[in-house]
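For reference, the structure discussed in these notes is given below.
The values are calculated or read from the model by the stated rules, or taken from the named source; none is laboratory data. Quick caveat: nothing in here was measured; it's all calculated off a predicted structure. Every residue, glycine among them, receives a Cβ derived from its backbone with ideal geometry; neighbour counts consider all protein chains shown.
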Amino acid sequence: MKINLTRKLVLEERSNVPDGKGGFGVSWIPLGEVWADVDARSGREAFLASRDISKVRLRIIVRAAPVGSPSRPKPDQRFREGTRVFSILAVSEFDPMSRYLECWTEEGKE
């Protein structure tokens, strides 16, 4: 399989920020940019809380980074491409030489 790292994505990490009222809001902190191969795999629609929700599963392949490195994607982080957001669900090595990582993500619009 040929890998085409032609899409520039921003890897982001979730951060809880005090809201000044005793609670927390969510902020996303950019960790860096990665070049990726993005491939849609499946999609579904659901009706939840009186709204239509559409979810698309995608496989995103990026260059590998060592375990523990801040540039290595992990679950609960996300990729951003402009206004599109891809939540990372799982990450594993893609090839036997561990040159690439396979990230299973979900893009959703609510």
Single unsatisfied condition, VAL85 versus (1) among the hydrophobic types (A, V, I, L, M, F, W, C); (2) touching a Pro at 6+ places or on another chain (Cβ under 9 Å); (3) closer than 13 Å to GLU12 by Cα: (2)
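This table checks each residue for (1) aromatic (Phe, Trp, Tyr); (2) assigned to a strand (DSSP E or B); (3) at pLDDT 95 or above.
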position	(1), (2), (3)
ILE3	no, no, no
LYS8	no, yes, yes
GLU13	no, yes, yes
LYS21	no, no, no
ASP39	no, yes, no
PRO66	no, no, no
ILE88	no, yes, yes
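Say we look at region 73-86 and pick out the residues that are part of a loop (DSSP other than H, G, I, E, B) and among the charged types (D, E, K, R); which of these is surrounded by the fewest Cβ atoms within 10 Å (Cβ to Cβ)?
ASP76
Which count do you get for residues in region 61-92 that are touching a residue at least 12 places away in the same chain (Cβ under 8 Å) and within 17 Å of TRP28 (Cβ to Cβ)?
To start, the set of residues in region 61-92 that are touching a residue at least 12 places away in the same chain (Cβ under 8 Å) comprises 61-65, 70-81, 84-91.
Still in the running and within 17 Å of TRP28 (Cβ to Cβ): 70-71, 73-81, 84-89.
Total meeting the criteria: 17.
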Working only within region 9-28, note down all residues that are under 26 Å from LEU101 (Cβ atoms) and either hydroxyl-bearing (Ser, Thr, Tyr) or surrounded by 11 or more Cβ atoms within 10 Å (Cβ to Cβ) (or both). LEU9, VAL10, LEU11, GLU12, GLU13, ARG14, SER15, SER27, TRP28
Please list, ordered by first then second residue, the pairs with beta carbon atoms under 6 Å, 6 or more apart or interchain, first in region 93-107 and part of a loop (DSSP other than H, G, I, E, B), second among the acidic types (Asp, Glu). PHE94/GLU102
